Amino acid sequence: MRITNSMISRNSMNNMNANKTNVNTLNNQMSSQKKISRPSEDPVVAIRALRLRSNLNELNQYFEKNIPDAESWMEITESALKNMKDILTSVRTQCDQGANDSLTAEDRNAILKNLQSLRKQVYAESNADYAGRTVFTGYKTNSTMTFLKDDSDIKYSIKEPVSYENIEEKNYYSNLVTIPTTTTGVTGGVAIADMPQQVTNKRIRLAYDNLGDINAADLKYIAADGTETSLDGYRYTDARGTAHTVSVNTTTDYTTWANGGYQVGDDEIIYLKETGELILGKDIANQISSQKMQLSANYTKQGFKTGELRPEQYFDCKNITDSNNVITYTKEKQEISYTIAFNQTLVVNTQGSDVFDSSIGRDVDDLTDAVEAAIAAHDKVDKIKAMMEETQYSDTVSQEGLKQWLEAAEKEAAYADDNMQKLYSQGITKFDGYLSNVVLATTDLGSRADRLNLTKNRMSNQQATYEELKSNNEDKDLSDIIIEYTSAYTAYQASLQASAKANSQTLLNYL
């Protein structure tokens, strides 16, 4: 085959160009320390790089954003639960002291001041927030658990579930002593019928006081199949075979009921909107307890004070402030989950209604009322004793009258002390229960935090592994590049010299 000069020239140019291209490729690798600069250079490396980068970006999202965000959310929650535990422990300590039957006036005043201070903090921790999001309100992170200021206009229609477990005994007192201020009042004494009286009734206390009017049909019994039946007119037969018919009284106000001696019919239920109580007659109370009945009370409430719970956080309810724009809320389990790893999610929130029982504030109010009543009763005793030392009441008639007043005041003080002791003894059990709920929630949160920490460690290891895989696939060691570049550049220079000699010769040189 005849080799022409043009063929030699063309082949030399192709070889020099190939060597120069190789030098250029290695020069680019030296500058970027990457194996390829475009997918066409090595499709396999390019495809593997896309997959590794995608996985690494996803992993970085988990490790650098989702996990730290979940950690912060759970740390805020844990701090609030710890504070709530301290508050409940303090209230329980007051209950332990108040249950003592040998309290002095200083002891009672100290208990009162402590309870009044603690009452302001009872639900304050439930409003804890993280980056502007309330951590205990489920999906409603832009809302709060309690009202942050008084609102006299807002109005709710609330459906509150209650049951036999909510039945408790409550002491009510009539004929409380009013210290006489005139001589006639002192000498008149106190008739036996006007002596302080104690009446014990069974009640179900609702979540709020100062409620609106309701119809008798708004108090319902919930059957096992979920059907609801009005308790007004409810018929049952007791263990003795006696037939009963329940009546629901929704028209009696608290003052009228108190003036009537706190009486309730055996099968009567009295709704007291002022105090938010359902007073149960003894027979219907026994029926509800023995049958473990579940009930619901449907009522309205207009106006909420600072620190009161928002109904939508606890109950099925409606905001009916604007009749043209009624907002309906349904109580449900609302779990906020974070994706913290590939195909792994973690619930980061704790719902406030599972921890901050709606009865806590009402129980503290009852404890405060009981110690205030005891303080007031003992103050009456002290004032009457002081009056007996005054000159204007030194005559026999006045002294006899003051003795009767003193007897009445001491009887009222004895009732108040007995009620306080029993109520505070019950408070120990109640607040032990509330503390158990907080401890359980803290334990559950801790177990989720442990899972998060384990996942965080695993993500850290995976991040390092993916970084290494990505580097091995894409990067090239600089020393290796320099060696290859030196070889390629030497080859390129040699090709230039060889081409120069070969192309400088023609056929005429041999003629």
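Summary table below
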quantity	calculated
Scope the stretch 150-198; condition under 47 Å from the mean Cα position of the chain (by Cα), under 25 Å from residue 386 (Cα atoms) and surrounded by fewer than 13 Cβ atoms within 10 Å (Cβ to Cβ); matching residues	178
Pick from the stretch 337-364, criterion of a type in the set (D, E, K, R) and assigned to a helix (DSSP H, G or I), ranking: nearest to residue 141 (Cα to Cα)	354
Filter result for residue 217 (modelled with pLDDT under 95, of a type in the set (A, V, I, L, M) and part of a loop (DSSP other than H, G, I, E, B))	no
Residue check for residue 81: part of a helix (DSSP H, G or I), within 18 Å of the chain's Cα centre (by Cα) and not assigned by TED's automatic domain parsing to the domain that holds residue 306	yes
Enumeration of residues in the stretch 277-294 that are over 16 Å from residue 200 (Cβ atoms), touching a helix residue (DSSP H, G or I) at 6+ places or on another chain (Cβ under 9 Å) and surrounded by 21 or more Cβ atoms within 10 Å (Cβ to Cβ)	288
Elements of type strands (runs of 3 or more DSSP E) in the stretch 266-336, at least 1 residues being β-branched (Val, Ile, Thr) and under 18 Å from residue 216 (Cβ atoms)	268-272, 277-280, 294-304
Lone unmet requirement of (1) among the polar types (S, T, N, Q); (2) over 18 Å from residue 211 (Cα atoms); (3) touching a Gly at 6+ places or on another chain (Cβ under 9 Å) for residue 302	(2)
Residues of the stretch 199-219 classified as of a type in the set (Val, Ile, Thr) and loosely packed, with under 13 Cβ neighbours inside 10 Å, total	1
First in the stretch 146-165 and of a type outside the set (Phe, Trp, Tyr), second anywhere and in a helix (DSSP H, G or I) and surrounded by 17 or more Cβ atoms within 10 Å (Cβ to Cβ), Cβ under 7 Å, 6 or more apart	146/126; 146/127; 158/311
Positions within the stretch 178-212 being in a loop (DSSP other than H, G, I, E, B) and either in contact with a strand residue (DSSP E or B) (Cβ under 9 Å, 6 or more places away or on another chain) or of a type in the set (S, T, N, Q) (or both), in sequence order	178, 181, 182, 196, 206, 207, 208, 209, 210, 211, 212
Residues that are loosely packed, with under 15 Cβ neighbours inside 10 Å and either under 27 Å from the mean Cα position of the chain (by Cα) or in a loop (DSSP other than H, G, I, E, B) (or both), drawn from the stretch 97-112	100, 101, 102, 104
Condition broken by residue 135, with the remaining ones in (1) at positive phi; (2) not assigned by TED's automatic domain parsing to the domain that holds residue 209 satisfied	(1)
Cβ-Cβ under 9 Å pairs, at least 6 apart or on other chains, the stretch 375-397 side under 14 Å from residue 189 (Cα atoms), far side of a type in the set (Asp, Glu)	384/410
Any chance residue 126 is modelled with pLDDT under 95 and in contact with a Ser or Thr (Cβ under 7 Å, 6 or more places away or on another chain)	yes
Residue count for the stretch 404-415, restricted to those that are touching a residue at least 60 places away in the same chain (Cβ under 8 Å) and not polar (S, T, N, Q)	7
Test for residue 115: is it outside any helix (DSSP H, G or I) and either surrounded by fewer than 18 Cβ atoms within 10 Å (Cβ to Cβ) or over 9 Å from the mean Cα position of the chain (by Cα) (or both)	no
Residue within the stretch 326-336 that is touching a strand residue (DSSP E or B) at 6+ places or on another chain (Cβ under 6 Å) and under 30 Å from residue 60 (Cβ atoms) present	yes
Test: residue in the stretch 312-320 that is closer than 28 Å to residue 351 by Cβ, in contact with an Asp or Glu (Cβ under 6 Å, 6 or more places away or on another chain) and at pLDDT below 95	no
Residue match in the stretch 143-150 (condition: in a strand (DSSP E or B), under 25 Å from residue 277 (Cβ atoms) and modelled with pLDDT of 90 or more)	yes
All positions within the stretch 234-249 that are in a loop (DSSP other than H, G, I, E, B) and at pLDDT below 95	234, 238, 239, 240, 241, 242
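Condition check ((1) of a type outside the set (Val, Ile, Thr); (2) in contact (Cβ under 8 Å) with a residue 12 or more places away in the chain) across all residues:
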position: 215; (1), (2): yes, yes
position: 220; (1), (2): yes, yes
position: 226; (1), (2): yes, no
position: 235; (1), (2): yes, no
position: 238; (1), (2): yes, yes
position: 242; (1), (2): no, no
position: 246; (1), (2): no, yes
position: 250; (1), (2): no, yes
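The values are calculated or read from the model by the stated rules, or taken from the named source; none is laboratory data. Model, not experiment: these values are computed from the prediction. With ideal geometry, Cβ positions are generated from the backbone for all residues, glycine too; neighbour counts draw on all protein chains shown.
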